[in-house]
Each structure stands twice: as C-alpha cells, then as structure tokens.
1. Out of Val30, Val48, Val98, Val19, which single residue is more than 22 Å from Met135 (Cα to Cα) and in contact (Cβ under 8 Å) with a residue 60 or more places away in the chain?
2. Of all residues in the stretch 58-86, how many are under 12 Å from the mean Cα position of the chain (by Cα) and of a type in the set (S, T, N, Q)?
3. Could you grab me the full set of residues in the stretch 79-106 that are over 22 Å from Ile38 (Cβ atoms) and in contact with a strand residue (DSSP E or B) (Cβ under 8 Å, 6 or more places away or on another chain)?
4. For the stretch 102-127, how many residues are assigned to a loop (DSSP other than H, G, I, E, B) and closer than 22 Å to His73 by Cβ?
5. Can you say whether Ser49 is among the small types (Gly, Ala, Ser) and at pLDDT below 90, as far as the supplied structure shows?
6. Does the stretch 74-86 hold any residues that are surrounded by fewer than 17 Cβ atoms within 10 Å (Cβ to Cβ) and either of a type in the set (Phe, Trp, Tyr) or over 18 Å from Leu61 (Cβ atoms) (or both), and which are they?
7. Tell me whether the stretch 91-104 contains one or more residues that are more than 30 Å from Leu28 (Cα to Cα), at pLDDT 95 or above and buried (at least 17 other Cβ atoms within 10 Å of the Cβ).
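The values are calculated or read from the model by the stated rules, or taken from the named source; none is laboratory data. Treat the numbers as computed from the prediction; the structure is a model and nothing was measured. So basically every Cβ, Gly included, is an ideal-geometry build from the backbone, and we count neighbours across all protein chains shown.
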Amino acid sequence: MTNEREFHTALEKHLTKDVIDGCINGSLIVVWRDWDNIIKNPPKMVYVSSVNPGEIKGPHLHIRRESHFVCIHGKVIFVIRNKNGEYTEIESSEEKPVLVHVPKNIASAHINITKSVSRVLALADIAWRPNDNEMKNVTFDNYDWKKWKN
C-alpha cells in the first residue's frame with residue numbers, strides 16, 4: 001500500500017474579515033511559504049490549469065520536474081500511480097484544499113468530478129519550455145475512471 005502522506009498535505013484555510021464591520025468577506029488559503037518546508041525545491045514556475053466537467057488531465061509523468069497541485073475552484077481527484085503500480089486517490093477542492101505532491105518519474109492524472117469547470121494551481125520546480133521533451137504520456141489501463149462519472 002502506498003504511503004498516502006507521501007503525496008499530500010492539508011493546507012491552512014483562514015476566513016477573512018471586512019476591515020470596517022468585521023463580517024466575513026471570504027477566505028485565504030496558504031499554499032506555500034518558504035519557511036514551511038512543505039515544498040523541498042522552491043517553485044520556478046506557477047500556473048493555473050482548468051479542467052472541464054468530467055474531463056481527465058493526464059495521465060503523464062515528468063522526467064525532471066517535481067510538481068505540487070491544489071484545486072482552487074471546484075473539486076478534482078488526483079490519481080497517482082507509484083513505482084509499484086499502486087494508485088493513490090487524493091481529493092482537493094476549494095472547500096478542502098489539499099496540496100498534492102507529484103515527484104518526478106511518478107505518473108499522475110486528475111479528473112474534475114463537478115458539473116462546472118475546476119481550476120488547479122500548479123507549482124513546479126522547473127519552468128516549462130516548449131519542445132523540452134520532459135513529459136511522457138502514459139496510460140492507466142487498469143484504473144477505473146468510470147467510478148467518477150455521474
């Protein structure tokens with residue numbers, strides 16, 4: 001069995017308040033602070049990716065890059081296949097933000113399980129360059145994607 005802690009960290013979510021009347025006006029999610037030591041290699045690239053309802057991004061792996069992901073809008077399931085071929089499923093959403101770590105040479109994918117577009121914030125320790133051939137598409141032939149379809 002995969003050590004699930006190896007792949008994810010629950011994030012802090014704080015309510016924010018209006019400066020005049022003190023009512024709650026939203027929230028703040030701490031994704032990365034240099035002193036937390038959650039991310040071993042500091043990010044060199046940060047981007048937001050959208051996933052349409054019911055769609056899957058991946059599976060693929062990065063040969064040199066380590067990535068961290070958190071769903072900032074909607075809800076996605078991250079599916080990570082470890083080196084033994086076992087799968088770990090991690091839910092991340094705007095309500096329950098979880099930082100998902102995908103080490104280099106580990107295959108992963110994520111699926112949007114909502115009926116609207118979900119957005120994922122990504123932090124990578126190596127910046128992407130066109131034609132760098134650093135990503136390899138793979139298949140999860142024995143994984144049941146249908147269980148996430150409504």
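1. The conditions single out Val98.
2. Qualifying residue count for the region: 1.
3. Of everything in the stretch 79-106, those that are over 22 Å from Ile38 (Cβ atoms) and in contact with a strand residue (DSSP E or B) (Cβ under 8 Å, 6 or more places away or on another chain) turn out to be Arg81, Tyr87.
4. Within the stretch 102-127, residues that are assigned to a loop (DSSP other than H, G, I, E, B) and closer than 22 Å to His73 by Cβ number 5.
5. No: the conditions fail for Ser49.
6. Across the stretch 74-86, there are no qualifying residues.
7. There is no residue in the stretch 91-104 that is more than 30 Å from Leu28 (Cα to Cα), at pLDDT 95 or above and buried (at least 17 other Cβ atoms within 10 Å of the Cβ).
Residues are listed down the side, and each one gets a yes or a no for (1) exposed (fewer than 15 other Cβ atoms within 10 Å of the Cβ); (2) touching a Phe, Trp or Tyr at 6+ places or on another chain (Cβ under 9 Å); (3) not in a loop (DSSP other than H, G, I, E, B):
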{"site": "Trp35", "(1), (2), (3)": "yes, no, no"}
{"site": "Gly54", "(1), (2), (3)": "yes, yes, no"}
{"site": "Gly58", "(1), (2), (3)": "no, yes, yes"}
{"site": "Leu61", "(1), (2), (3)": "no, no, yes"}
